[in-house]
Amino acid sequence: MGSKGKCPWLAYCGYMDAIKTWQLRTIVDNHTCSREHKVKLLNSKWLSKRLEKTVRENPRVKGVDIVHKINRKWNVGLSQSMAYRAKAIALDHVDGSFKEQYKRIYDYANEILTRNPGSIVEVKVEPNETLQGPIFRRFYVCLKACKDSFVFCRPIIGLDGAFLKGKYGGEMLTAVGRDANDQMLPISYAIVEVENKATWKWFRELLVEDLGGATICASCTFMSDQQKGLLKAFQEVLPGVDQQFCIRHLYANFRKQFPRKQLKRLMWKAATTTTPQTWEKEMTNIKEMNIEAFKYLIKIPPRHWSRSSWSAEKLFEVRHASQVGEKLVVDLDKHECSCRKWAVLGIPCCHTLAAMKFLNLDVEDFILGWFRKATYEKTYSSIVYPINGKNMWQVTPYNDVFPPKKRVLPGRPKKKRRLEEWELVRDETRMRNDGQCKRCGICREMGHNRKSCKKSTQ
């Protein structure tokens, strides 16, 4: 009966056992009630099965789009919360549950080692008495092909971390090198619970061991941002090793207090100069312009951010260098020039090129092996072998691992990356996501909005 017995509408069906189907026998198609758009039979579990194809084609489908699709197809009402619950269940069916994937972390590590012999994989778990198995804590991977490729790269290692946006969060720590074409080469990565001194020290200890020990890694130069835990881990694992700061991150912090463009230009000159005399000159110019900016930069040792203090025996980095209008001494036998660009960058500067041309020497004979084509080919001669799907993984005798406890931070969860100040600049040249320029909502002209529109007061 319709409308809880108050409506005369009626449909009676009988089951026909002979042909295994239902037969409509009686129907009273007369309504005296309004249509009900909320159907209790429509729940998130039933809806998730109908959304699997949609989620497989577009995993980022929005809840609003799901509500509109269900409304058009079945003409029933649906809340956004139910739409998101159904989407989450459908994603678990398509991609697998996060919890089930953590249970096979040891099987995944074994598959990597089986397909890529010589690689290093370490899984760190935390025992738990309340659950039937340990809790995941950290995961480290260094492939054999990546280690072999780094042998032919320059001794520069970049370290950085990034947030993971999965269900259980965490952070990814990475180590990358620079090949002969000045491109990034992955060395190793790790999944940790948070970025701090303990996790960076654990990651660096494994990295140093995989690359041949402290003796070999002491000749490398490590580049990173000014993360406090990372700096302390440097001194504990490799005391006295060369450390360099990323100038982009350094300037992002510098710009918050000193946003002037002239200070930016002077800071970059001080960072890219190769002689101590020129560095002192640029720092004097910064001091004359803003004494507080000078105090901010002078607190940071120049060996961490200026080429003028870099060691010529350990660090090589390719950048475009402008000509210095001074008299300089060039020694081709020692591969030296007074501007120090040849020693720091590893590529002959314009002054040495002039001397080579005068003596009719071949420039390629003075280029280091890091930048040659043969070295580049050897770098990528190793192969990273693919692994099988989870259905073909060998089952290991370890206990099932449970996912870590998700850290719940105060406030509303942030789903987008926090933009820097320079990324928030907006003007009339910026467009919306649909590709249209922004216009005033009152006069429909560009260059202002409805708050500053002169016609709003008329």
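Rule-based calculations on the coordinates, nothing more; no lab input. No experiment lies behind these values; they were computed from the predicted model shown. Don't worry about glycine lacking a Cβ; one is built from the backbone with ideal geometry, like all the others, and counts go over all protein chains shown.
Per-structure values
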{"quantity": "Theoretical gain in end-to-end length, ALA218 to LYS167 [0.36 nm per residue, Cα-Cα removed]", "calculated": "14.5 nm"}
{"quantity": "Using a Förster distance of 51 Å, the FRET efficiency for GLU364-THR21 (Cβ separation, nearest 0.05)", "calculated": "0.05"}
{"quantity": "Pairwise centroid distance, computed over Cα atoms, of the range 33-73 with the range 356-375, Å", "calculated": "66 Å"}
{"quantity": "Per-peptide average of other Cβ atoms within 10 Å, ordering 20-26, 447-453 highest first", "calculated": "447-453, 20-26"}
{"quantity": "Backbone N under 19 Å from the SER97 label point (7 Å along Cα→Cβ), restricted to the range 138-169", "calculated": "166-169"}
{"quantity": "Förster-model FRET efficiency, 51 Å R0, HIS31 and LYS287, C-beta, rounded to 0.05", "calculated": "0.05"}
{"quantity": "Given LYS45/LYS165; LYS201/LYS269; LYS261/LYS281; LYS201/LYS295; LYS49/LYS167, the pairs whose alpha carbons are separated by over 23 Å", "calculated": "LYS45/LYS165; LYS201/LYS269; LYS201/LYS295"}
{"quantity": "MET184-LYS256 pseudo-label distance in nm [points 7 Å out on the Cα-to-Cβ vector]", "calculated": "2.3 nm"}
{"quantity": "Taking ARG418, ARG265 and counting other C-beta atoms within 10 Å, the order from fewest to most", "calculated": "ARG418, ARG265"}
{"quantity": "Simple spin-label estimate for ASN58 and LYS390 in nanometres, 7 Å along Cα-Cβ", "calculated": "2.6 nm"}
{"quantity": "Highest average packing first - 345-358, 68-81, Cβ atoms within 10 Å", "calculated": "345-358, 68-81"}
{"quantity": "Label-point gap, in nm, between ILE442 and ILE300 - each point 7 angstrom along Cα→Cβ", "calculated": "4.5 nm"}
{"quantity": "Mean Cβ neighbour count within 10 Å, used as a protection proxy, ranking 12-19, 396-403 highest first", "calculated": "396-403, 12-19"}
{"quantity": "Part-to-part distance (alpha-carbon centres) for the range 94-147 and the range 196-215, which is given in Å", "calculated": "19 Å"}
{"quantity": "Gained length - ARG248 relative to ASP331, 0.36 nm times residue gap less alpha-carbon distance", "calculated": "26.5 nm"}
